[in-house]
Amino acid sequence: MRLLGKMTLGAALGAGLLAASMTSTLAAIACNGNVCWHTSERYEYPAEARIVIHPDGWRWRSHEHYVWREHEGRGYWRGRHWQEW
């Protein structure tokens, strides 16, 4: 019975780690010009949007000037307006 309990616990921990690693893989930072936002999915943005995708841990350098604008849903910032598609 102890062995079965350890196996079950190990399987549950392994599944949890796998799920956590998959979630962090999908997270990213998208930027359009100097405006950036977090996204939980890697969308295929329209070419004319000129979106640059960075890994989730990306940070701009001290001499660069970006701003954060968060928004829910699928889309991108175009100037001060959120464009959905």
**Study point:** Note, ³J(HN,Hα) from phi for the range 74-85, Karplus 6.51, -1.76, 1.60, rounded to Hz, x at Gly and Pro
**Key:** 8, x, 7, 7, 10, x, 9, 10, 8, 9, 8, 8
Exercise for review: Please turn the phi angles of the range 61-69 into ³J(HN,Hα) values with the Karplus equation 6.51 cos²θ - 1.76 cosθ + 1.60 (θ = phi - 60°), one per residue in order, whole Hz, x for glycine and proline.
Suggested key: 6, 4, 8, 8, 10, 10, 10, 9, 9
Practice item. Compute the length gained on full extension between Leu26 and His38: take 0.36 nm times their separation in residues and subtract their Cα-Cα distance, giving the result in nm to one decimal. Key: 3.3 nm
**Study point:** Phi-based couplings in Hz for the range 41-46 (Karplus 6.51, -1.76, 1.60; Gly and Pro marked x)
**Key:** 9, 9, 7, 8, 6, x
Revision key, fill the gap. In nanometres, the difference between 0.36 nm per residue of separation and the alpha-carbon distance of Arg61 and Ala47 is 2.5 nm
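Quick note: the coordinates plus some simple rules give every number you see, no bench work behind them. These numbers were taken from a predicted model, which means no experiment stands behind them.
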